[in-house]
Amino acid sequence: MKVLCFVNVMLPKIAEVLEIEVSPFGGWIVGLTEGLMACDRVEIAVAFPMRGADKLQTGVAQGLMFFGFPQKTKANFAYDAETEEHIKTIIKDAAPDVIHVFGTEYPHILAIVNACEKLGMLDRLVVGIQGLVSIYAIHYRAGLKKSLLLRREQNAFLRRGIYEVEALKKVKHVTGRTDWDRACTFKICPEAQYHFCNETLRDEFYNHSWDIEKCERNTIFLSQAIYPIKGLHYMLEALVEVIKKFPQTHVYVAGYDITKANSIKSKLKFGSYEKYIRKFIDKHNLSKHITFTGQLNKRKMRERYLSSHAFVSPSSIENSPNSLGEAMLLGLPSISSDVGGVKNMMVHGEDGYVYQHDAPYMLAYYICKIFSDDKLAAEFSKNAKAHAQDTHNRENNLEAMLAIYRGICER
């Protein structure tokens with residue numbers, strides 16, 4: 001069976017061959033593609049957008065055939081007819097039995113769907129739901145006041161969402177893993193067949209375990225904070241309360257420091273949300289309680305999880321956050337807002353805590369409970385690890401995906 005996967009990021013083994021910096025994103029894609037490559041029943045190829053490329057690039061990286069198609073600078077927000085032509089060329093060259101698209105967030109996904117439609121391949125196409133920008137846009141402000149100017153950023157999500165909905169309305173097969181993405185699929189494309197399959201995460205998170213005796217006490221880890229949806233402002237509101245009881249509390253946030261503009265380019269990008277966060281930190285004297293770690297590769301990400309006392313996902317919307325899955329696999333006690341498909345990943349009071357996303361006082365309460373009760377933390381750690389090992393079981397998820405592919409081929 002020949003499978004062509006369209007992904008939104010260049011896989012590490014391809015980046016190494018092309019001598020390009022490896023992206024820290026898309027780890028779940030690596031997990032599945034590595035499993036498919038190891039399967040003698042499958043011949044796999046991957047295709048992905050390459051910003052700055054002026055022509056289609058092809059090659060083989062450690063046995064993996066790849067196609068890099070050109071992506072214009074503003075392709076994240078506008079449809080490009082040239083991309084559709086590149087996609088047609090890729091499909092004809094790869095001659096796949098199944099075409100698997102990972103994610104729906106960018107306009108080139110519509111180009112893939114349109115190319116498949118024109119080539120008579122829609123029956124062979126399956127689209128995997130990750131997040132849905134058309135739905136995320138509704139939740140973008142994340143409880144922030146209307147006086148905070150976020151219209152430009154929110155409109156970017158809305159524009160991408162138009163292409164996303166147009167693409168999904170044409171597809172016949174969708175994969176998902178939560179009540180949330182199933183409900184959204186039914187809302188957007190009720191005629192599409194929904195196939196359930198959990199995600200496989202990065203190898204680095206399967207064979208290590210959190211130990212309370214080795215962690216940095218009273219520390220919290222957040223995996224992202226680049227826009228309001230990720231809920232950093234809620235975490236900071238909770239932090240104000242937590243430090244009253246645990247004055248040494250420290251929050252580590254993966255990614256660049258959104259509160260600082262160290263260059264002309266970064267100053268131009270400095271938006272209203274970044275200014276809001278900086279003012280909040282200054283107002284409540286929180287600067288000594290928060291560290292932005294910079295970009296973390298998979299090894300450093302794992303180390304940051306293991307050295308923290310708790311993981312928090314304070315988002316206003318998610319599907320099934322892979323950062324929560326990684327934390328649970330490692331056994332790091334976790335707290336998550338009750339949004340999207342989180343309830344399909346973690347059981348409140350057994351694997352960790354789930355709270356109302358716009359109630360930071362509840363987040364503060366649950367953080368303090370974990371900080372003050374080692375027995376509770378150990379119980380959460382054990383239960384979460386067991387639950388995540390089942391949800392993210394590599395063998396089961398690979399077999400489930402292969403069964404989906406076979407079903408599509410048989411039709």
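The values are calculated or read from the model by the stated rules, or taken from the named source; none is laboratory data. Only a predicted model underlies this, so the values are computations on that prediction, with no experimental measurement involved. Here the Cβ positions follow ideal geometry from the backbone for every residue, glycine too, while neighbour counts run over all protein chains shown.
Quick grid of which residues meet (1) without any contact (Cβ under 8 Å) to a residue 60 or more places away in the chain; (2) hydroxyl-bearing (S, T, Y); (3) crowded, with 18+ Cβ neighbours inside 10 Å:
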residue	(1), (2), (3)
E274	yes, no, yes
S287	yes, yes, no
K298	no, no, no
M301	no, no, yes
S337	no, yes, yes
Hey, can you tell me all the residues within segment 166-199 that are among the hydrophobic types (A, V, I, L, M, F, W, C) and surrounded by fewer than 19 Cβ atoms within 10 Å (Cβ to Cβ)? A183, F186, A192, F196
Segment 206-262, residues that are touching a strand residue (DSSP E or B) at 6+ places or on another chain (Cβ under 9 Å) and among the aromatic types (F, W, Y): F221, Y234, Y252, Y256
Pairs, first in contact (Cβ under 8 Å) with a residue 60 or more places away in the chain and not assigned by TED's automatic domain parsing to the domain that holds V30 in segment 182-208, second among the aromatic types (F, W, Y) and assigned to a loop (DSSP other than H, G, I, E, B), C-beta under 9 Å, six or more apart: none
Inspect segment 345-358 for any residue being over 23 Å from the mean Cα position of the chain (by Cα), at pLDDT 95 or above and over 17 Å from W210 (Cβ atoms) and give the result as yes or no. yes
When you scan segment 239-342 for helices (runs of 4 or more DSSP H) that lie fully inside it, which ones turn up with 1 or more residues that are under 15 Å from the mean Cα position of the chain (by Cα), within 30 Å of L201 (Cα to Cα) and at pLDDT 95 or above? 298-307, 322-330
Within segment 13-48, work out how many residues are in contact with a Ser or Thr (Cβ under 8 Å, 6 or more places away or on another chain) and closer than 15 Å to F66 by Cβ. 3
Quick check: is even one residue across segment 395-407 without any contact (Cβ under 8 Å) to a residue 40 or more places away in the chain, surrounded by 21 or more Cβ atoms within 10 Å (Cβ to Cβ) and not small (G, A, S)? no
